[in-house]
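A short write-up of the structure that comes next.
The values are calculated or read from the model by the stated rules, or taken from the named source; none is laboratory data. The structure displayed is predicted, hence computed values, not measured ones. Here the Cβ is made from the backbone with ideal geometry for all residues, glycine too, and neighbour counts use every protein chain on show. To get the accessible areas, we keep the full protein, side chains included, count just its heavy atoms, and leave off ligands, DNA and RNA. Shrake-Rupley method; radii C 1.70, N 1.55, O 1.52, S 1.80 Å.
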Amino acid sequence: MMTEFYDSTDTTSDVVHDYTCTVCEERELNAEARIYCAKCLTRYCGPCNQHHAHLFAKHEVLDRTALDRWGVVRSRVGIETCTEHMGREVEMFCVDHEALCCAVCVTVAHRSCKNVKYLPIAAKGIREKEGFKSMPQRVNELMVALEEIKQDRVKSSDDIGATEGRILSSIEEFQVRINLTIERLKVNTIESMAGLTGASYDGIRTDVQTCNVFLERFEKYMKAMQSTCSKSEAGCFTCYMHCLDCVTEATSFVKSSRNAKFDVSFEVDSTIEEFLNSLKSFGEFKTMTINSTKCSYIKLKSDDKKCSIVGCCQVSDNAILLADETNRKIKLLNDKYSIVHSYELSSCPCGVCCVSEREAAVCLEVRAIQYVSVHDQRLTLLKRFSVDHDCLRLTYHGGKLFVTSGTALYTYTLNGKLEKKLYQGKNNALYFTVNYVAVSEDGRRIFVTNANDGVLVTLDGTGTILAILQDPTLHDPRGLCVGPGGTVLVCGLDSDTLLHVDRGGRKLAVLATQRDGLLSPVAVCWRQERSEILVGCGNNDFLIIIRLI
């Protein structure tokens, strides 16, 4: 028997419904929808739903108490369909609200609007309007931008996945180290216990042996007295005296040993457990998200060339020093990143670092290090000292200057005394194998960029290699600095990137790219109190300021 659908309302009904029955609407009937099927993506009036329920009893349906969960109707939404009232065609245009309207929209939302036009009238001459003509280009530009964002987010997703894997590895490695530490504490505790219990065992064995000796002597003397007392008084006296000596010795031993206790107790150091219980995790997660970027113009009228910022450091809370290599100048910026003073040097500066709140050290191309003071927004040259190798870049930590020569890393005192060569690049003949340098806050990690091999090298305090980072998003690594939480920020000159690296020298993320204004980034500086990253670029008259969330 064939099931027949019948009309659910009169075709002449002019009642306006917010949701109409999809089945009736296709048959040019007007009926209010009572049910929505999430499986069929279709609205049904009461009678139509009876047939639907008979055919598809297991489909999930929603009544009008769940209107907020009603979805779209399958294949019935087009550009000429009202977005507010599904199934209704757009017929009018409200000029006041610049909105396309269906009949329901006009009746419900635009009843008081004075400038509602019939759609063909509102559309008249649209092809000749500049907005219409330029729309394809605007859409195309937006599509390109959206595609870039989509690709960037896909890549970010891949980066996050890789970062997640690295973090999990770090967690597991840290757990291994914690377990090894706990095992070491356990071994030390057991060894301490063995030392104490061993001494107790020795004392117990000695006392048992002493007791046995006395018992044997008493038994011997008692037998001798029984056998000799009946024979001679002299023999009896001799036994008595020997026995008396033994009694005296045994009495002294009993008095000294009766209260002796061989007991070892152990009390767990509860502070260890309390400390572990006070922790919520193995560490703290740090995310770096760019809030905004801006540029500050750093070219002076006296500069005859484009700026090339090869060094950047913060000297005090409101003073920034830039090393402009091409113009042979040190430039002082205030907290608004405006140049307040500059000093033209006799030789090109190759790098700059802060050594105190008011002083900085500058690498010079002529194999020298020049000290500069900052006072009242003025720069003053101080002493300088020469070195016996190329002076490329430098940083300061723990009373020492760490100076690179392009092929090696040296440490100097502030007075200019060479301490030692801390690290030698693997190929003496290649320059820039030991380029920029940064030192972790605790001094246990030293980070060096190798521009020739395109890697970031992580060293320990003795100059031993701990890790080497090579990544396709880091080409020609240059300037670097220690950033938030002891992590590292490193510039990629040819890749136009700024990478975020963890303390172990492993990549966390690409923090900024060319889209953020990076063009040949060379130097980087972290301003913790303002959550800002300053990036100096080669052949560029602007300083990039990246503000983080």
*Å³ per residue of the Cα convex hull, for the stretch 232-373?*
305 Å³
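So, R0 is 60 Å and r is the distance between the beta-carbons of Lys133 and Glu441; what FRET efficiency does that work out to, to 0.05?
Details: r = 59 Å, r/R0 = 0.98.
For R0 = 60 Å, the calculated efficiency reads 0.55.
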*Cα Rg, Dmax, the stretch 420-549, angstrom units*: 13.9, 44
*So for the stretch 486-540, Kirkwood radius off the Cα pairs, Stokes-Einstein at 25 °C and 0.890 mPa s: how many µm² s⁻¹?*
215 µm²/s
*Could you give the nm distance between label points at Gln50 and Gln377, where each point is 7 Å from its Cα heading toward the beta carbon?*
8.7 nm
*asked:* Please report the spacing between the Cα centers of the stretch 309-345 and the stretch 399-457 in Å, no decimals.
replied: 23 Å
*Set the Förster radius R0 to 25 Å, insert the Cβ-Cβ distance between Glu60 and Ile160 as r into 1/(1 + (r/R0)^6), and round the FRET efficiency to 0.05.*
0.10
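Quick one: divide the alpha-carbon radius of gyration of the stretch 356-453 by 2.2 N^0.38 Å and tell me what you get. Walk me through the numbers before you get to the answer.
Working: Rg = 13.7 Å, N = 98, 2.2 N^0.38 = 12.6 Å.
Expressed relative to 2.2 N^0.38 Å, the Cα Rg reads 1.09.
On a full-extension model of 0.36 nm per residue, what is the gain between Lys231 and Lys421, subtracting their alpha-carbon distance, rounded to one decimal in nm? Before the final figure, lay out each step's value.
Numbers: separation 190, 0.36 × 190 = 68.40 nm, distance 9.64 nm.
Here the segment from Lys231 to Lys421 would lengthen by 58.8 nm.
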*Charge sum, other residues only, whose C-beta stays under 15 Å from Arg444's C-beta, Lys/Arg counted +1 and Asp/Glu -1*: 0
*When we measure straight from the Cα of Lys129, which lysines land under 28 angstrom away, once same-chain ones fewer than 8 places off are left out?*
Lys114, Lys117
*Can you tell me the relative contact order of the stretch 356-449? Whole percent, Cα pairs under 8 Å, sequence separation 6 or more.*
18 percent
*asked:* As I understand it, the value is the acute angle between the Cα axis of helix 130-228 and the longest principal axis of the Cα atoms of the chain; what does it come to in degrees, rounded to 10?
replied: 20 degrees
_the chain - mean residue ellipticity at 222 nm from DSSP helices (-39,500 (n - 2.57) per run, n ≥ 4, rounded to 500)_ = -10000 deg cm²/dmol
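At a Förster distance of 56 Å, what's the computed FRET efficiency of Thr289 paired with Met193, Cβ-Cβ distance as r, to 0.05?
Computed FRET efficiency for Thr289 and Met193: 0.60.
Out of all Cα-Cα pairs in the chain, roughly what percent, to the nearest whole number, are more than 29 Å apart? Please list the in-between numbers first.
Details: 108020 of 150426 pairs.
Here the long-distance tail beyond 29 Å is 72 percent of all Cα pairs in the chain.
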*Please sort 292-298, 161-167 by packing, taking for each peptide the average over its residues of neighbouring beta carbons within 10 angstrom, highest first.*
292-298, 161-167
_Net dipole in debye of the chain [+1 Lys, Arg Cβ; -1 Asp, Glu Cβ; about Cα centre; nearest 20]_ = 1400 debye
*With a probe of 1.4 Å, find how much accessible area the chain has per residue, and write the answer as a whole number in Å².*
60 Å²
*Of all accessible surface on the stretch 358-429 at a 1.4 Å probe, what whole percent is carbon and sulfur?*
44 percent
*State the percentage of accessible surface on the stretch 246-333 attributable to carbon and sulfur atoms; use a 1.4 Å probe and exclude ligands, DNA and RNA.*
50 percent
*Taking the chain as the reference, fit the longest principal axis to its C-alpha atoms, fit the long axis of helix 46-55 to the helix C-alpha atoms, and give the angle between the two in degrees, 0 to 90, nearest 10.*
60 degrees
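Work out, in µm²/s and without decimals, the Stokes-Einstein translational diffusion coefficient of the stretch 57-157 at 4 °C, 1.567 mPa s, Rh from Kirkwood over C-alpha pairs. Before the final figure, lay out each step's value.
Numbers: Rh = 17.2 Å.
D, rounded to a whole number, is 75 µm²/s.
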*How much net charge surrounds Gly416 when only other residues with a Cβ under 10 Å from its Cβ are counted (Lys, Arg +1; Asp, Glu -1)?*
+3
*Alpha-carbon spread of the stretch 132-289, three principal axes, descending order, Å*: 146, 21, 14
*Ignoring ligands and nucleic acids, what accessible area does Val139 show with a 1.4 Å probe (Å², nearest 10)?*
60 Å²
